[in-house]
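In what follows, a structure is listed as structure tokens, so that the remarks can point back to it.
A short reminder: the numbers here are calculations on the coordinates, not readings from a lab. Since we're looking at a predicted model, the values are computed, not measured. Every residue, glycine among them, receives a Cβ derived from its backbone with ideal geometry; neighbour counts consider all protein chains shown.
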Amino acid sequence: MATVELTKENFDRTVSENDFILIDFWASWCGPCRQFAPVYEKASERHEDLVFAKVDTEAQQELAAAFEIRSIPTLMIVRDNVAVFAQPGALPETALEDVIGQARALDMDEVRKSMAEAEAKAKNGEAAQ
């Protein structure tokens, strides 16, 4: 499957309509981004059931700012509308495959439960101050 170009116009729809999406935040002038691009593309061909997307941080500065992208390339994985992974740096092929495998193995009910517990603790901590 070819990668999808994400823009501020199609981002929300693309993420909400897909259960598992990988997002590569990149720029054309970035050497490590160009190095990572073929690795990312090859993975997209191996994992046709997943959506591989790219955000050009130069053209989509609002999206990059919204996700506080400070270093590129940055890879983000979103499952069921939850960002479960975000890391800057060009991953080698084996590391990318490992990250995809770990993200596939996540129990999203457990992830949501942990997020709810952390949010509750944060609210209780704020109330105690």
Suppose we filter region 11-41 for residues that are loosely packed, with under 14 Cβ neighbours inside 10 Å, within 15 Å of residue 90 (Cβ to Cβ) and acidic (Asp, Glu); how many remain?
0
Could you check residue 7 against (1) of a type in the set (Val, Ile, Thr); (2) in a loop (DSSP other than H, G, I, E, B); (3) touching a strand residue (DSSP E or B) at 6+ places or on another chain (Cβ under 7 Å) and say which number it fails?
(3)
Some residue of region 31-45 being under 27 Å from residue 109 (Cα atoms) and in contact with a strand residue (DSSP E or B) (Cβ under 6 Å, 6 or more places away or on another chain)
yes
What are the residues in region 1-24 that are among the hydroxyl-bearing types (Ser, Thr, Tyr) and under 17 Å from residue 83 (Cα atoms), if any?
14, 16
With the condition kept exactly as written, say whether any residue in region 23-36 is within 19 Å of residue 7 (Cα to Cα), free of Cβ contacts under 8 Å to residues at least 24 places away in the same chain and either of a type outside the set (D, E, K, R) or in a loop (DSSP other than H, G, I, E, B) (or both).
no
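Yes/no per residue for (1) farther than 16 Å from residue 20 by Cβ; (2) without any contact (Cβ under 8 Å) to a residue 60 or more places away in the chain:
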| residue | (1), (2) |
| --- | --- |
| 43 | no, yes |
| 52 | no, yes |
| 59 | yes, yes |
| 63 | yes, yes |
| 67 | yes, yes |
| 76 | no, yes |
| 79 | no, no |
